[in-house]
Amino acid sequence: MSKLTLDRILQSQGFGTRKWCSELIAAGEVSIAGETITDSRVAIETSGLVFEIFDESWLYREHVYIALNKPADFECSRKASHHPGVLTILPEQFTRRDVQPVGRLDHDTTGLLLMSDDGPFIHAQSSPKRHIPKVYVATTHDPVTPELVAKLLAGVKLHDEPATLAALTCRMPAPHQLEIVLEQGKYHQVKRMLAAAGNHCDALCRSQIGGLKLDALGLAEGEWCYLDDAQLALLAPT
Ligand code: URA
């Protein structure tokens with residue numbers, strides 16, 4: 001249980017500076033359980049708190065854990081240069097509370113992208129020591145052959161990588177489709193591994209992280225959802 005003043009609560013949820021939040025409260029824009037609160041210094045229990053602001057309901061969250069079905073033509077970098085950043089897809093409150101992508105997908109890669117404002121979570125999820133398998137589905141230029149699958153499973157040498165990199169598993173769901181599972185997250189890894197094995201990646205989608213499947217979330221491209229504790233538990237390495 002922890003109490004915070006209402007101005008700090010709004011600030012923590014990304015509604016702006018404390019001064020701006022106090023002004024919103026004084027202007028009667030915030031209510032709790034149907035009662036408009038105009039005193040920004042009133043201390044309120046945050047656990048399970050639902051408040052209305054601009055006639056929209058918000059559940060207080062100490063941190064947010066988000067899954068986005070990333071569309072193509074969005075960049076994951078903080079300073080996006082050639083395409084809009086993925087944060088532009090989310091409500092602006094998330095940018096203000098410093099939500100960041102967990103790792104990167106290329107601008108043309110689609111699929112499951114985690115986002116959060118919980119630094120230790122981001123760090124733990126991105127750590128190569130955690131060995132969290134990630135599943136990618138690549139559309140290949142040339143048909144997938146048993147030889148290609150064998151090469152990827154045996155390991156390929158990439159420029160600037162000291163050790164060979166191997167797929168954990170590899171399957172061929174369709175003649176031009178390769179499902180590849182990787183534990184590492186090297187720069188352009190799937191595309192470079194496919195090229196090193198003699199094919200070319202025409203399109204790439206991340207379909208799963210750990211045990212969390214994009215399909216199970218039911219998100220169309222560009223849609224996002226909060227992740228609950230059970231879904232977050234699926235991200236732990238098995
Ligand atoms: N591998 C790639 O080549 N690109 C991605 O976006 C992710 C993995």
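In the stretch 92-109, of all residues being open to solvent by 20 Å² or more (accessible area, probe 1.4 Å) and touching an Asp or Glu at 6+ places or on another chain (Cβ under 9 Å), the one that is farthest from Gly185 (Cα to Cα) corresponds to Arg97.
As a summary of the residue check, Arg171 satisfies the conditions (1) under 25 Å from Leu217 (Cβ atoms); (2) part of a loop (DSSP other than H, G, I, E, B); (3) open to solvent by 70 Å² or more (accessible area, probe 1.4 Å) except for the one numbered (2). Within the stretch 210-237, residues that are touching a residue at least 60 places away in the same chain (Cβ under 8 Å) sit with their Cβ atoms under 8 Å from residues that are loosely packed, with under 15 Cβ neighbours inside 10 Å and hydroxyl-bearing (Ser, Thr, Tyr), at 6+ positions apart or across chains, in these pairs: Gly210/Thr238.
Given the options Thr145, Thr110, Thr169, name the one that is under 16 Å from the mean Cα position of the chain (by Cα) and not assigned by TED's automatic domain parsing to the domain that holds Gly14.
On the way: Thr145 fails: under 16 Å from the mean Cα position of the chain (by Cα); Thr169 fails: under 16 Å from the mean Cα position of the chain (by Cα).
Of Thr145, Thr110, Thr169, the one residue that is under 16 Å from the mean Cα position of the chain (by Cα) and not assigned by TED's automatic domain parsing to the domain that holds Gly14 is Thr110.
When the stretch 199-217 is filtered for residues that are away from the ligand (no atom under 16 Å from the Cβ), among the small types (Gly, Ala, Ser) and open to solvent by less than 60 Å² (accessible area, probe 1.4 Å), only Gly211 remains. You will find that of Ser127, Ser116, the residue that is away from the ligand (no atom under 14 Å from the Cβ), touching a His at 6+ places or on another chain (Cβ under 7 Å) and within 30 Å of Gln13 (Cβ to Cβ) is Ser116 and no other. Screening Leu10 on (1) in a loop (DSSP other than H, G, I, E, B); (2) modelled with pLDDT of 95 or more shows it passes everything except condition (1).
Which ones in the stretch 173-196 are out of contact with any strand residue (DSSP E or B) (no Cβ under 8 Å at 6 or more places or on another chain) and more than 10 Å from the ligand (Cβ to nearest atom)? I'd like the intermediate steps shown before the answer.
Keep residues of the stretch 173-196 that are out of contact with any strand residue (DSSP E or B) (no Cβ under 8 Å at 6 or more places or on another chain), which gives 174-175, 187-188, 192.
Within the stretch 173-196, Ala174, Pro175 qualify.
Of everything listed in (1) closer than 23 Å to Asp98 by Cα; (2) over 31 Å from the mean Cα position of the chain (by Cα), the single unmet condition for Gly28 is (1).
Just name the residue that is farthest from the ligand (Cβ to nearest atom) out of those in the stretch 130-146 that are open to solvent by less than 50 Å² (accessible area, probe 1.4 Å) and in a loop (DSSP other than H, G, I, E, B). Within the stretch 130-146, the match that is farthest from the ligand (Cβ to nearest atom) is Val144. Of all the residues that make up the stretch 1-33, how many are in contact (Cβ under 8 Å) with a residue 12 or more places away in the chain, among the β-branched types (Val, Ile, Thr) and surrounded by fewer than 20 Cβ atoms within 10 Å (Cβ to Cβ)? Going through the stretch 1-33 one residue at a time, the tally reaches 2. Residues in the stretch 33-56 that are closer than 15 Å to Gln13 by Cα and at pLDDT 95 or above: Ser40, Ile44, Glu45, Thr46, Ser47, Gly48, Leu49, Val50, Phe51, Glu52, Ile53.
Taking the stretch 185-200 as the range and being over 20 Å from Ser126 (Cα atoms) and not in a helix (DSSP H, G or I) as the test, the residues that pass are Ala197, Gly198, Asn199, His200.
The values are calculated or read from the model by the stated rules, or taken from the named source; none is laboratory data. Just so it is clear, the structure is predicted and the values come from calculations on it, not from any experiment. When we count neighbours, we look across all protein chains shown, and the Cβ atoms used for this are built from the backbone with ideal geometry, even at glycine. Just the protein is used for accessible areas: all its heavy atoms, side chains included, with ligands, DNA and RNA removed. Shrake-Rupley method; radii C 1.70, N 1.55, O 1.52, S 1.80 Å.
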